[in-house]
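Engineer: Sharing a structure, written as structure tokens. Questions coming.
Each reported figure results from applying straightforward, stated rules to the coordinates on display, with no laboratory input. Given the structure is predicted, the values throughout are model-derived calculations rather than measurements. Reconstructed Cβ throughout: ideal geometry from the backbone, glycine too, with neighbour counts over all protein chains shown.
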Amino acid sequence: MLRSHASANLQTDQVHVWMALIEQCQAPNLRATYETWLDDRERSRYERFRFNQHRQEYLVAHALLRSCLSRYGDRQPWEWAFSTNDYGRPELSEGNGSLPLRFNLSHTTSLVACAVTRFADVGVDVEYTARKGDLAAIAKTSFAPEELAELNRLTGMAWRDRFFDLWTLKEAYIKARGLGLSLPLQQCVFQFEPKTATPIQCCADSAEDWVFELLSPTPQHRLAVAVHCSTPLQIQVGQAIPGEVFQLVQLPITTSRGVA
């Protein structure tokens with residue numbers, strides 16, 4: 001992969017979404033560097049993970065976040081300080097430089113993602129679509145009746161694909177709102193056009209003020225972005241090795257503004 005020549009300039013009408021494959025970030029020198037970037041709270045949590053897979057997901061995710069922020073702000077990756085809101089959403093603490101930055105972070109099996117904006121509330125969710133578990137039970141407790149009705153008209157991989165379309169969109173929206181599960185997932189409703197599985201409606205609140213993006217960065221992953229924005233918006237996607245390479249990529253993307 002070539003070192004990126006993409007500009008780190010982030011305009012107010014842009015969202016940058018950076019993804020990192022965990023397997024590309026496993027060189028001993030990279031892991032050692034990432035560990036030095038963690039603050040005391042992050043390091044404590046990192047060391048408490050029982051399984052190495054979860055440790056590496058956490059480490060690469062926070063390395064990606066810190067490396068992303070340093071592309072746009074005036075701090076080194078290890079200098080960023082964070083706080084959380086009343087519902088646990090991480091935010092930048094005061095004193096992190098003069099440039100306003102909003103972000104959201106997500107990680108799953110083998111992939112992490114970070115979305116960064118200047119002003120807008122943003123949420124990102126990435127899911128491993130080959131994961132095990134009772135997806136039907138999750139759908140029953142998380143999807144609105146009209147979503148369930150449409151989902152249950154599908155079978156096989158079509159059912160599974162639609163499940164993860166809905167799940168990642170909802171999770172991204174909830175994360176952008178920053179209210180945790182105090183906002184039930186059933187209150188965020190998406191409809192899809194008959195053959196394209198394109199999200200066209202979100203009914204949880206002022207849907208016209210939200211932009212959603214849905215994509216499949218790998219055959220085993222689904223990624224969704226939600227942005228609270230009522231003006232035209234550019235969402236750019238890139239791949240990264242934190243601390244080394246940032247490169248914009250072209251991926252099939254579905255973008256939609258909610259319709260009230």
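Engineer: Sort out which residues of region 122-154 are among the hydroxyl-bearing types (Ser, Thr, Tyr) and assigned to a loop (DSSP other than H, G, I, E, B), and write them in order of number.
Structural biologist: THR129
Engineer: Quick check on this structure: which one of THR109, THR129 is in contact with a helix residue (DSSP H, G or I) (Cβ under 7 Å, 6 or more places away or on another chain) and either under 22 Å from PRO219 (Cβ atoms) or without any contact (Cβ under 8 Å) to a residue 24 or more places away in the chain (or both)?
Structural biologist: Of THR109, THR129, the one residue that is in contact with a helix residue (DSSP H, G or I) (Cβ under 7 Å, 6 or more places away or on another chain) and either under 22 Å from PRO219 (Cβ atoms) or without any contact (Cβ under 8 Å) to a residue 24 or more places away in the chain (or both) is THR129.
A quick yes/no check of all residues on (1) buried (at least 19 other Cβ atoms within 10 Å of the Cβ); (2) under 26 Å from THR218 (Cα atoms); (3) of a type in the set (D, E, K, R):
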site	(1), (2), (3)
GLU23	no, yes, yes
ASP40	no, no, yes
LEU64	yes, yes, no
PHE82	no, no, no
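Engineer: Kindly list the number of the only condition in (1) surrounded by fewer than 17 Cβ atoms within 10 Å (Cβ to Cβ); (2) free of Cβ contacts under 8 Å to residues at least 60 places away in the same chain that fails for TYR46.
Structural biologist: Unmet for TYR46, out of (1) surrounded by fewer than 17 Cβ atoms within 10 Å (Cβ to Cβ); (2) free of Cβ contacts under 8 Å to residues at least 60 places away in the same chain: (1).
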